[in-house]
């Protein structure tokens, strides 16, 4: 549940990073920092890393990176252009 709530922070984290720079790396690092902070707080609080929390955080990172690369392919851009008439 904690990681599900953190994924809602992605647009907010990206906008905060946009105040300083327009590079995608800064936006991703800001969001991944939020994920890492949640994992760190939970690990410190319970004195061990929950395997499901670690796998969930890893899944979020992989999913965000795959979606970032997928929406920049020619096939995706052609689909969007065809759907929205651009």
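Quick one: in region 1-21, of everything that is surrounded by fewer than 17 Cβ atoms within 10 Å (Cβ to Cβ) and in contact (Cβ under 8 Å) with a residue 40 or more places away in the chain, which residue is farthest from the chain's Cα centre (by Cα)? The selected residue is 2.
May I ask you to list the residues in region 33-63 that are at negative phi, loosely packed, with under 11 Cβ neighbours inside 10 Å and assigned to a loop (DSSP other than H, G, I, E, B)? Hit for region 33-63 is 48, nothing else.
When the criteria are applied in full, residue 70 meets the requirement of being exposed (fewer than 12 other Cβ atoms within 10 Å of the Cβ), modelled with pLDDT under 95, touching a helix residue (DSSP H, G or I) at 6+ places or on another chain (Cβ under 9 Å) and farther than 22 Å from residue 16 by Cα. The C-beta contact set for region 59-86 (first residue closer than 15 Å to residue 28 by Cα, second residue in a helix (DSSP H, G or I) and at pLDDT 95 or above, distance under 6 angstrom, 6+ apart or interchain) is empty. Residues in region 36-53 that are under 20 Å from residue 9 (Cα atoms) and touching a helix residue (DSSP H, G or I) at 6+ places or on another chain (Cβ under 7 Å): 38, 39, 42, 53.
The number of residues in region 22-31 that are out of contact with any helix residue (DSSP H, G or I) (no Cβ under 6 Å at 6 or more places or on another chain) and either surrounded by 11 or more Cβ atoms within 10 Å (Cβ to Cβ) or over 18 Å from residue 68 (Cα atoms) (or both) comes to 4.
The values are calculated or read from the model by the stated rules, or taken from the named source; none is laboratory data. This structure is a prediction, so every number in the text was calculated from the model and none was measured. Ideal geometry is used to build each Cβ from the backbone, glycine not excepted, and the neighbour counts take in all protein chains shown.
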